[in-house]
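Contents: one structure, followed by commentary.
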Amino acid sequence: MKLNPIASLVATLTFLMPLLASGAGLFSDVADSHLFKGEIESLARSGVLKGNPDGKFYPDRSVNRAEFLKMLYVATGRTPRPVNAKCFADVEEKSWYEEYVCDAASKENSFVKGYSDGKFR
């Protein structure tokens with residue numbers, strides 16, 4: 001007997017839903033009871049957030065300005081222009097965050113500013 005595509009989808013979801021609901025979360029250190037578990041996992045699934053190399057997320061750690069900029073760029077589909085490099089004395093050359101910080105600070109964008117001492121911090 002051949003099932004129609006909708007019936008097949010319903011049957012598959014009926015089988016998988018209990019498995020998905022009872023499965024472990026994406027990050028071992030984000031408890032089911034964590035206030036932002038759903039948001040964290042949703043943003044991770046969409047590629048905006050990534051965990052750490054150790055498989056953890058550290059949900060209660062503060063986010064720095066460079067990390068926040070990268071999240072904004074990824075979430076909005078914006079690509080930093082590599083031309084905007086070497087913008088602040090304390091932005092490490094060829095670091096993962098250099099293009100995000102320098103593009104955001106460029107004259108064309110001016111999303112962020114540094115401090116009077118020429119640092120981004």
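The values are calculated or read from the model by the stated rules, or taken from the named source; none is laboratory data. Keep in mind that what you see is a predicted model, and the values were worked out from it rather than measured. Every residue, glycine among them, receives a Cβ derived from its backbone with ideal geometry; neighbour counts consider all protein chains shown. Ligands, DNA and RNA are stripped out before the accessible areas are found, and what is left, the full protein with its side chains, is counted by its heavy atoms. Shrake-Rupley method; radii C 1.70, N 1.55, O 1.52, S 1.80 Å.
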Original post:
Of the residues that sit in region 65-87 and are assigned to a loop (DSSP other than H, G, I, E, B) and open to solvent by 90 Å² or more (accessible area, probe 1.4 Å), which one is modelled with the lowest pLDDT?
Top reply: 83
Original post:
So which pairs qualify, if the first residue must be in region 47-71 and closer than 12 Å to residue 97 by Cβ and free of Cβ contacts under 8 Å to residues at least 60 places away in the same chain, the second must be among the aromatic types (Phe, Trp, Tyr) and open to solvent by 70 Å² or more (accessible area, probe 1.4 Å), the Cβ gap must be under 9 Å, and the two must be at least 6 apart or on different chains?
Top reply: 66/96; 69/111; 70/96
Subject >> Those residues of region 88-102 which are open to solvent by less than 70 Å² (accessible area, probe 1.4 Å) and over 18 Å from the mean Cα position of the chain (by Cα), in sequence order >> reply: 88, 90, 91, 102
**OP:** Output yes when any residue across region 36-49 is over 13 Å from the mean Cα position of the chain (by Cα) and open to solvent by 40 Å² or more (accessible area, probe 1.4 Å), and no when none is.
**Re:** yes
